[in-house]
Amino acid sequence: MRLELREISKRFPGVLANDRISISADRGKVLGMLGENGAGKTTLMNILSGLYKPDSGSILIDGTERVFNDPVAAIEAGVGMVHQHFMLVPVFDVVEAVALGAETVKDAIGTFDRAAARKRIVALSEQYKLDVDPDARIENLPVGVRQRVEILKALYRHSDILVLDEPSAVLTPYETQELYSIIRSLTANGTTIIFITHKLNEVLEVADDIVVLRRGRVAGTADPKTATRQELANLMVGRDVELIVPKGPAKPGDVVLGLENVFVRDDRLEMKVNGVDLDVRGGEIVAIAGVQGNGQTELVEAITGLRALDSGTITIGGHHTEQDGPRQVSDLGVAHIPEDRGRDGLIAPMTIAENYILDSYYREPYSRRGIFDLAAVNERAGQGVKDFDIRTPSIETRAGSLSGGNQQKVVVAREFSVPVKLVIAAQPTRGLDVGSIEYIHRRLVEQRDAGAAIVIVSTELDEVLAVGDRIAVMFDGRIVGILSGDDATYENIGLLMGGATFGEGTAA
C-alpha cells in the first residue's frame, strides 16, 4: 500500500507537536523517520494509528482519503503499530497475546478458537521468519522475542502498513540484526514499513528513504545510499553535532569505588553477580559493557544501595556501604542516573521543580524544620532548566509530559547540581537522539575532568568505546575482561560479551 500524510498538524497545550507535515511511503519499502526526542515523530504515528486525531491535514492510503477516529479504524485500514514500550499481557501465552481483541470464535456463544488462532500464528511466524513459540508465556520471553510477538500481533490483524517506533531501543546488537532480517522479509512480502529511530547507523542500513523531523516540521529528506551520519545528525539537530565528544587522556587519582568479591541475587534469589572485583579511580571513566541481563542491573543497584549484597564489600571514598541505603550512599557524593528513568529516575505526575529536589528535599535551603522554601526550590529548578537546556514551557510542567531526552536531562541536572565524587550512569543515553547523547556525554566527561570517578553501564558498543577510558566486560555475572587502548575494539569487546576470551592480560 502507498501511504501519504498531507499537511498534518497537531497541537497540545503549549506545544505545536506537528506543523503541516507531509510524508509518503511506498509499498514494500522502508521509510526511515529520524528526529530528536520531541521532534514530533511519535505524535505523527499516533495520528496514523488512530490514537490521536489531527487538528488539520489528511491521510491517504492508495490515493483514498481515510479518517481514523480510533485505533480500530486504523487497524481495519491495514495500519499496525509496534510501540517502543510493548503492550503485551505478561501472563498470557503468545497465542492469547496475539489474538487478544481479534479472537476467532468457533461457536454461537463466542468460544475462542485457540486451535485456529494458533495455526495462523504459526503460519505467519514461518512466512516472515519470526521464529516464535506460540505456546510460550510472554513474561518468560526475552525482549527481542517479545518484539516479534508485537509484529505478529500486527500481521495477525492483516496490517499492510507497519509502524516500528524505536524498535531497537531495548535490543542487543545481535537482536537488532535479527530485526533487520525480519524487516527485509516483511518488505519482500509487500509490507510498507515506517521505521522511527534516532540511531543513524540503523536508518542508513535499513531504510530505502529517509525523512528528518525537527521541532514538529519536516527538516529535510535524504537518500541512505549517499547520506552520511554527520549530515543526518546535523539535519536532525539543526547545527553541527560532535558524534564523538572530544576528551583528553584520563588522569586517574585515588580509588573512589572499590568492589571486592561482590555477589548479588536478583528478585528470584538467583545469583546474578558472581564475585565482581573492580576499582574505579577519580578522574577516569570505566564503561561496563555486556549484553543486558548479565548482572549489570543488580550490580548498579547494589552499589547505589537499592539492593542488598549477598556477600562481598563495597567501599565509596573509603567508607564501607554494604549496609547503607540509597540516601546514605547519595550523601557520600554519589550521583545515580538509573537505567529506567521513568520508573526509578522521575515521578511522572510531579512537576520538574518537584522532581528536581527528590534527593535533597529534606536539606537546607529547600527545607527548614520540615517546611519547604518554594522560592529556593523554584530557583534551583529554573537554573537547572537553563544550564541543562531542558526544553519545557515551565518548571511547573509535569515531568511525564516531557520527551525522553528532556526527562533524562532533568535526571542528569538534578544529580549534577551538587558536588559529586562518583557517578553511576546506567544506560544513560538509551532511547535518546544524537543531540541529547552528545550533551550527556559532554557532561559526563566534564565530571571526569573535575575529578569524579565515573561508571557507565551500557549495551551500546559505540558508547562504551567513545567515552570509556577503561572498558570492563560483564558476562554471566562476572567481569571477564578489562580493556583499554588498542585492545578496546569492537571485535574484542564482542568476543568477551559472548563469553569467549582472547589473548592474555584481559582478565579483571
Once phi is turned into ³J(HN,Hα) by the Karplus curve 6.51 cos²θ - 1.76 cosθ + 1.60 with θ = phi - 60°, what whole-Hz value does each residue of region 372-389 show in order, with x for glycine and proline?
5, 9, 5, 5, 5, 4, 5, 5, 5, 5, x, 5, x, 4, 6, 5, 9, 6
Would you be so kind as to identify which of S56, L130, A227 lies farthest towards the positive end of the dipole of region 3-237, taking Lys and Arg as +1 and Asp and Glu as -1 on Cβ and the Cα centre as origin?
S56
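When the helix-only estimate is applied to the chain (DSSP H runs of n ≥ 4, each -39,500 (n - 2.57), divided by the residue count), what is the mean residue ellipticity at 222 nm, nearest 500 deg cm²/dmol?
Working: 16 runs with 156 residues, N = 508.
My calculation for the chain gives -9000 deg cm²/dmol from helical runs alone.
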Under 13 Å from K153, Cα to Cα: aspartates and glutamates that are on another chain or at least 8 residues apart:
D93, E96, E103
Under a point-charge model restricted to the Cβ atoms of Lys and Arg (+1) and Asp and Glu (-1), what is the dipole moment magnitude of region 348-390 relative to its Cα centre, in debye to the nearest 20?
180
Report the convex hull volume per residue for region 342-422, counting only C-alpha atoms, in Å³.
97
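About its Cα centre, how strong a charge dipole does the chain have in debye, to the nearest 20, once Lys and Arg get +1 and Asp and Glu get -1 at the Cβ?
Numbers: 55 positive and 73 negative charges, 273 e Å.
Using Cβ point charges on Lys, Arg, Asp and Glu, the chain gives about 1320 debye.
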Say the dipole of the chain comes from +1 at the beta carbon of Lys and Arg and -1 at that of Asp and Glu; which of G318, A287, G498 then lies farthest toward its positive end?
A287
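For region 3-237, what is the charge dipole size about the Cα centre, in debye to the nearest 20, if Lys and Arg each add +1 at the Cβ and Asp and Glu each add -1 at the Cβ?
On the way: 27 positive and 32 negative charges, 71 e Å.
My answer is approximately 340 debye.
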What percentages, rounded to whole numbers, describe P(r) for region 1-153 computed over all alpha carbon pairs with 10 Å bin width beginning at zero?
10, 32, 31, 21, 5, 0
Dipole of the chain (Lys/Arg Cβ +1, Asp/Glu Cβ -1, origin at the Cα centre): which of Y174, L299, N406 lies farthest to the positive side?
N406
Relative contact order (percent) for region 168-272, with alpha-carbon contacts under 8 angstrom and 6 or more residues of separation?
13
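Quick check: net charge around G485, other residues with Cβ under 12 Å of its Cβ, Lys/Arg +1 and Asp/Glu -1?
Cβ neighbours under 12 Å give a net charge of -2.
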Any idea what % of Cα-Cα pairs in region 149-230 are farther than 20 Å?
36
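Answer rounded, prolate or oblate for region 115-263, using the Cα gyration tensor with square roots of eigenvalues a ≥ b ≥ c: rounded when a/c is under 1.5, else prolate when a/b is larger than b/c, else oblate.
Details: a/c = 3.03, a/b = 1.29, b/c = 2.34.
Since a/c reaches 1.5 but b/c is at least a/b, the shape of region 115-263 is classed as oblate.
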Can you say what percent of the DSSP beta bridges in the chain, counting only those with both residues inside, are antiparallel? Round to 5.
55
Give the cross-link partners of K421 among the lysines, using a straight C-alpha distance below 16 Å as the criterion and excluding same-chain residues fewer than 8 apart.
K251
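Students often get this wrong, so check it: of K29/K225; K29/K119; K53/K199; K41/K199; K386/K409, which have C-alpha atoms separated by over 19 Å? Working shown, then result.
On the way: K29/K225 14 Å; K29/K119 28 Å; K53/K199 28 Å; K41/K199 14 Å; K386/K409 11 Å.
Those over the limit are K29/K119; K53/K199.
Out of region 174-257, which GluC sites (Glu not before Pro) are coil in DSSP terms and have no more than 14 other C-beta atoms within 10 Å? Mind dumping the intermediate values first?
Values: sites: E175, E178, E202, E205, E231, E242; in loops: E242.
Answer by residue number: E242.
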In terms of modelled amide H atoms, which long-range or inter-chain residues lie less than 5 Å from the amide H of V218?
S22
For the chain, what does the relative contact order come out to in percent, with C-alpha contacts under 8 Å and a separation of six or more?
15
Please report the equivalent ellipsoid semi-axes of region 63-161, computed as sqrt(5 x eigenvalue) of the Cα gyration tensor, largest first, in whole Å.
22, 18, 13
Zone reached by a paramagnetic label modelled 7 Å from E270 Cα along Cα→Cβ, restricted to region 120-161 with backbone N below 18 Å, covers 136-146
Find the centroid of the Cα atoms in region 152-171 and in region 195-238, then give the distance between the two in whole Å.
20
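Expected output is a single nm value to one decimal: the length gained when fully extending between D62 and Y174, i.e. 0.36 nm times separation in residues minus the C-alpha distance. What is it?
36.8 nm
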Tell me, Kirkwood radius of the chain from alpha-carbon pair distances, in Å?
24.5
Please compute the Kirkwood hydrodynamic radius over region 277-426, one decimal place, Å, based on all pairs of different Cα atoms.
16.5
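A short reminder: the numbers here are calculations on the coordinates, not readings from a lab. It should be emphasised that the depicted structure is a prediction, and the values quoted were computed from it without experimental measurement. Cβ sites come from the backbone with ideal geometry, for glycine too, and all protein chains shown count toward neighbours.
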